[in-house]
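Data first, discussion second: the structure below is written as structure tokens.
Rule-based calculations on the coordinates, nothing more; no lab input. Everything numeric in this text was worked out from a predicted model, so none of it was measured. Methodologically, a virtual Cβ is constructed for each residue, glycine included, from the backbone with ideal geometry; neighbour enumeration extends over all protein chains shown.
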Amino acid sequence: MKNQEEKSPETGEEESPAIDAKQAMLTKIMRELDGHENMGKSGYINGKYQYSYSEYKAGLKACSDLVIGQEAKEDSVLKAKYLVRRRKFCINAAAACIKIGHYQQGLEACTLVLGEGADTNMQRQKALFRAGVCARGMGELDAAKDFLMKLLDDDEVDERTQRPIKVQLKGILDEKKRYMKFAREMCSPTSEKNVESIILPKKEELTSEELEEITKVEEKREAYLKDKMKQKELDEKSAQSTQVSFMKPPEIMISEEDCISALDILVERYTNAEVQKALKEVRAV
């Protein structure tokens, strides 16, 4: 009975080591994320905004990797924890992005928070405000105004928070006015500023002597081109004729046996008395 009990332990005793290992791993992950968050916060407070952004970015990447991991897929509670931490990294990274001018990255981080849904209304307010500032920094003034107006319509936004929002909206309005003024000046050819800045070429009529000189130059140019074309045709014909004259006669290849046989025939023919006599007569003539 004792051996049987050892072979069949209770279910709770089997699962306890696995649960402890999982909890230890989760604790280790959370400590690493806390480290990125604390270093990012410290860097921001001390004015080291680039360093702060890099720490928040590292933490954000770690959270994103954890969200798509196998453990998060199997455990919805664990996945929810990672998502909460990721949104926190996003909102803090956006603040650092504004300080260093990384407006596109900051806007993407705020959009992620707003898309998933902020965990608190304060987080939503921060996301809207920072998204508006980043959009303005990118020159997307209409989008910036939309973000800030949504924030201004929030009943929970107090008067102290409304001040920076209104400052941003006024800045957007001023920038729009400047853009419109600049566009009008650039598109209006009758404005005094444009007329003074545009340098038009002077239109002068040519004299008869100048026209005659231009005509002579043009005739010479055409004659030169015709001569050049004729010379090119002659060179091509000359090259073709030279190529034909230097062509080698076709070579006839015969075997060694046929060559010896031909030589034997020639020797036999030229040693004939009648052939010798005929050759002497030809030479005498």
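Data table
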read-out: Cα→Cβ-extended label distance, 7 Å offset, between GLU274 and LYS150, nm; value: 12.2
read-out: Value of relative contact order over the range 104-188, rounded to a whole percent, pairs C-alpha under 8 Å and six or more apart; value: 22
read-out: The range 25-151: Cα Rg divided by the 2.2 N^0.38 Å rule of thumb; value: 1.06
read-out: Fewest-first ranking of SER261, SER76, using other Cβ atoms within 10 Å as the exposure measure; value: SER76, SER261
read-out: Spacing of the two label points (7 Å from each Cα toward its C-beta) at ALA223 and ILE68, in nm; value: 7.7
read-out: Per-selection Kirkwood Rh - the range 23-100 (Cα, Å, 1 d.p.); value: 12.6
read-out: Rg/Rh for the range 104-188, where both radii come from Cα atoms and Rh is the Kirkwood radius; value: 1.06
read-out: Extension gain from THR27 to VAL167, taking 0.36 nm per residue of separation minus the Cα-Cα distance; value: 46.1 nm
